[in-house]
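J.: Take a look at the following structure, please.
The values are calculated or read from the model by the stated rules, or taken from the named source; none is laboratory data. Treat the numbers as computed from the prediction; the structure is a model and nothing was measured. Heads up, the Cβs are rebuilt from the backbone with ideal geometry, glycines too, and the neighbour counts pull from every protein chain shown.
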Amino acid sequence: MIIRLYGTRYCSYCVAARHLLRQRRLAFEEISLDLDSRLRQQIRERSGRYTVPQIWIGDTHIGGYSELLAWDHAGHLQALVTEKRAVRCRQTTENNSTTHDITAKVES
């Protein structure tokens, strides 16, 4: 699952969102809107919002930092971490008979 954060370098909410994602050990792609007014306009049109950050998880628009924090409090970010680790273990041990045991350990 790809996480994309569209933001600016000095926005305090962007900094907080990056910190939260790193703290939860979630890889994310950061797209800077600092110098790209055209991309910033595209993100405004796509999200319907004028604020940054704007965050997508896969094709799902989460919103800004407040919504990301709500997702975290609801346990959705932890679920992504667990799902990601389980998938990684399945990929790594695809031809190994211990796939089920490794996945169960990661998810529990």
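J.: Taking the range 42-65 as the search range and keeping residues that are within 18 Å of the chain's Cα centre (by Cα) and in a helix (DSSP H, G or I), which one is surrounded by the fewest Cβ atoms within 10 Å (Cβ to Cβ)?
T.: Arg46
J.: Here is a check on your reading of the model: is Leu39 in a helix (DSSP H, G or I), assigned by TED's automatic domain parsing to the domain that holds Met1 and within 12 Å of the chain's Cα centre (by Cα)?
T.: Details: in a helix (DSSP H, G or I): yes; assigned by TED's automatic domain parsing to the domain that holds Met1: yes; within 12 Å of the chain's Cα centre (by Cα): no.
Spelling it out, it is not the case that Leu39 is in a helix (DSSP H, G or I), assigned by TED's automatic domain parsing to the domain that holds Met1 and within 12 Å of the chain's Cα centre (by Cα).
J.: Okay, moving on. Since Tyr6 meets every condition but one in (1) in contact (Cβ under 8 Å) with a residue 12 or more places away in the chain; (2) in contact with a Gly (Cβ under 9 Å, 6 or more places away or on another chain); (3) not charged (D, E, K, R), which condition does it not meet?
T.: For Tyr6, the failing item is (2).
J.: Also: Please verify whether Leu33 is among the hydrophobic types (A, V, I, L, M, F, W, C), more than 16 Å from Leu69 (Cα to Cα) and touching a Ser or Thr at 6+ places or on another chain (Cβ under 8 Å), treating the condition exactly as stated.
T.: So Leu33 fits the description; yes.
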